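Engineer: Please see the structure below; I have some questions.
The values are calculated or read from the model by the stated rules, or taken from the named source; none is laboratory data. Everything quoted here is computed from the prediction, not taken from an experiment. Backbone-built Cβ (ideal geometry, glycine too); neighbour counts: all protein chains shown.
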Ligand code: FNR
C-alpha cells in the first residue's frame, strides 16, 4: 500500500504535497522582530527537505507580546519584506509557507534559552507583561498587569493587523497560537484566568478572547486559505483546562470556519505533571477529531516515519508536525520517503546523492 504520510492534503484552496509539517519553533535570532538570513536558511532548508508545510515560529503581533527580545514579529510593515523573500523560496521548493501568530502574555520578556531563559528584569531590557489576571507564572517573577477592556481590544486589533501583514508577506497557512500558556491559553485556563468580567469564569467567558481573535484574524485572512489553531488540550494539572473543554472549543471553532486544530498540551502552570513519551499527545488529537470532525494535527515526540505513518493511516490525525526531529534532520521529508519506499521529488541539485 502506498504511504498515507505522503498522500496530499487539500484544505480549502491549498494542497499540501504530504502530511509532514515543520512545527513552529522559536529561533531567538531576530532583531527588533525582523527576520534575517538565519530564518531564510532554517526555514528554506526544511522546505527543500521535503516537508509539505513549513510553519514559521511564534511571531508576535506586538512588541510586548514577544516571548524574548529575539522573537520574530509582524507589528510593523517593514517586517514584511524579508518574510516575503523567505516565503517565495519555500514556495519555489514546492512547499507551503505557514505562520504562527502569537502573544506571550505573562510569559513575555524572557531571555533566550542559551541566555538562561529567565525573565528579563525591567532595568535590564525587560518590559511589563500583560495577562488575564495579575498573577505571575512563577512566584519569583514580576506580576503581570491584568488587561483592561482597552488592552483586550488592542490585543484583538494587533492580531488583525498582523494577519493583514501575513497576507502581504505571502503566507498560505495561518496558525493562531492558543497553547503553551501564552496569552490566549492564559484566558482559556481557569488556573491563570481569575477574571470576574465577561472574559473570566464560565467556559463561554474563558473562550471569548480566543473566539474574538479568530474573528479578527478571519476578517483579514482570505476565506480560501487554511486557518489553524494550536491549543494545549490539557493543562496536566488539577482544576485546569482539559480535553473535554478542548473538544467543546474545537466544535465551536469548526462551526466558525477554523480548518485544523494543532493539538499540543501543557504550559499553563509550573506544577504541571506531563507523562512525556512517544505519541503522548496523539490521543488528544484523535479524540478531538473523532468527537468534532475537525481536522487535527498531531505533535510531540513523533520522530520516525513508521510512527507518523501509523498515526495517519489509523485516522488519529490528518497532519503530523515535527519539532526537534526536524532540527536534527532538515531533510526529514526526503529521509522518511526513503524509509517508507515512497518516491518523492528531490531538489534537482541533490539528485546525485540518490544514486
Ligand atoms: C518549540 N515549540 C514551539 N511551539 C509553538 O507552538 N511555537 C513556537 O514558537 C515553539 N518554539 C519552539 C522552539 C524550540 C527550539 C522547540 C524545540 C520547540 C514546540 C514545538 O513546536 C513542538 O510542539 C514540540 O517541540 C514537541 O514536538 P517534538 O519536538 O517532540 O517533535
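Engineer: Quick one: how many residues across region 110-137 are within 26 Å of residue 185 (Cα to Cα) and either touching a residue at least 24 places away in the same chain (Cβ under 8 Å) or in a helix (DSSP H, G or I) (or both)?
Structural biologist: Adding up the residues that qualify gives 19.
Engineer: Can you tell me how many residues in region 66-109 are farther than 22 Å from residue 161 by Cβ and either modelled with pLDDT under 95 or in a strand (DSSP E or B) (or both)?
Structural biologist: Within region 66-109, residues that are farther than 22 Å from residue 161 by Cβ and either modelled with pLDDT under 95 or in a strand (DSSP E or B) (or both) number 1.
Engineer: While we're on this one: Within region 138-188, count every residue that is part of a loop (DSSP other than H, G, I, E, B), more than 16 Å from the ligand (Cβ to nearest atom) and touching a residue at least 60 places away in the same chain (Cβ under 8 Å).
Structural biologist: Count: 4.
Engineer: Condition test on residue 192, is it touching a residue at least 60 places away in the same chain (Cβ under 8 Å), buried (at least 19 other Cβ atoms within 10 Å of the Cβ) and within 19 Å of residue 273 (Cβ to Cβ)?
Structural biologist: In short, yes.
Engineer: Still on this structure, please answer the following. Looking at this structure, is residue 240 at positive phi and in a loop (DSSP other than H, G, I, E, B)?
Structural biologist: Criteria not met by residue 240.
Per-residue answers, yes or no, for (1) more than 18 Å from the chain's Cα centre (by Cα); (2) at positive phi; (3) within 16 Å of the ligand (Cβ to nearest atom):
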{"position": "84", "(1), (2), (3)": "yes, no, no"}
{"position": "94", "(1), (2), (3)": "yes, yes, no"}
{"position": "115", "(1), (2), (3)": "yes, no, yes"}
{"position": "119", "(1), (2), (3)": "yes, no, no"}
{"position": "124", "(1), (2), (3)": "yes, no, no"}
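Engineer: Shifting gears a bit: Tell me which residues, restricted to region 40-49, are within 16 Å of the ligand (Cβ to nearest atom) and either assigned to a loop (DSSP other than H, G, I, E, B) or crowded, with 24+ Cβ neighbours inside 10 Å (or both).
Structural biologist: Correct list: 43, 46, 49.
Engineer: What single numbered condition from (1) surrounded by 24 or more Cβ atoms within 10 Å (Cβ to Cβ); (2) away from the ligand (no atom under 14 Å from the Cβ) fails to hold for residue 80?
Structural biologist: Exception for residue 80: condition (1).
Engineer: Still on this model: Residue 57 fails exactly one of the following numbered conditions: (1) within 15 Å of the ligand (Cβ to nearest atom); (2) part of a loop (DSSP other than H, G, I, E, B). What is the number of that condition?
Structural biologist: (2)
Engineer: Let me ask something else about it. From 201, 240, which residue is in contact (Cβ under 8 Å) with a residue 12 or more places away in the chain and either away from the ligand (no atom under 16 Å from the Cβ) or surrounded by fewer than 24 Cβ atoms within 10 Å (Cβ to Cβ) (or both)? Show your work before the answer.
Structural biologist: Working: 201 fails: in contact (Cβ under 8 Å) with a residue 12 or more places away in the chain.
Checking each option against the conditions leaves just 240.
Engineer: Considering only residues of region 278-301 that are assigned to a loop (DSSP other than H, G, I, E, B) and within 11 Å of the ligand (Cβ to nearest atom), which is nearest to the chain's Cα centre (by Cα)? Break it down stepwise before answering.
Structural biologist: Restricting attention to region 278-301, the residues satisfying the condition of being assigned to a loop (DSSP other than H, G, I, E, B) are 278-281, 293-294, 300-301.
When the remaining residues are screened for being within 11 Å of the ligand (Cβ to nearest atom), the result is 278-281, 300-301.
Numbers: 278: 20, 279: 18, 280: 18, 281: 15, 300: 13, 301: 16 Å.
Within region 278-301, the match that is nearest to the chain's Cα centre (by Cα) is 300.
Engineer: Would you please name the residue that is surrounded by the fewest Cβ atoms within 10 Å (Cβ to Cβ), looking only at residues in region 288-315 that are over 24 Å from residue 95 (Cβ atoms) and touching a helix residue (DSSP H, G or I) at 6+ places or on another chain (Cβ under 6 Å)?
Structural biologist: 291
Engineer: Being surrounded by fewer than 16 Cβ atoms within 10 Å (Cβ to Cβ) and more than 20 Å from the chain's Cα centre (by Cα) is the filter; apply it to region 1-35 and report the residue that is farthest from residue 77 (Cα to Cα).
Structural biologist: Looking at residues that are surrounded by fewer than 16 Cβ atoms within 10 Å (Cβ to Cβ) and more than 20 Å from the chain's Cα centre (by Cα), I get 1.
Engineer: Going through 7, 2, 29 one at a time, which residue ends up being in a loop (DSSP other than H, G, I, E, B), under 27 Å from residue 335 (Cβ atoms) and modelled with pLDDT under 95?
Structural biologist: Result of the check over 7, 2, 29: 2.
Engineer: Within region 319-338, track down each residue that is surrounded by 21 or more Cβ atoms within 10 Å (Cβ to Cβ), more than 10 Å from the ligand (Cβ to nearest atom) and outside any helix (DSSP H, G or I).
Structural biologist: Once the filter is applied, which keeps residues that are surrounded by 21 or more Cβ atoms within 10 Å (Cβ to Cβ), more than 10 Å from the ligand (Cβ to nearest atom) and outside any helix (DSSP H, G or I), region 319-338 yields 319, 330.
Engineer: Just give me the residues in region 254-273 being under 20 Å from residue 180 (Cβ atoms) and more than 11 Å from the ligand (Cβ to nearest atom), in sequence order.
Structural biologist: 258, 260, 261, 268, 269, 270, 271, 272, 273
Engineer: Quick one: would you say residue 140 is modelled with pLDDT under 95 and under 22 Å from residue 236 (Cβ atoms)?
Structural biologist: yes
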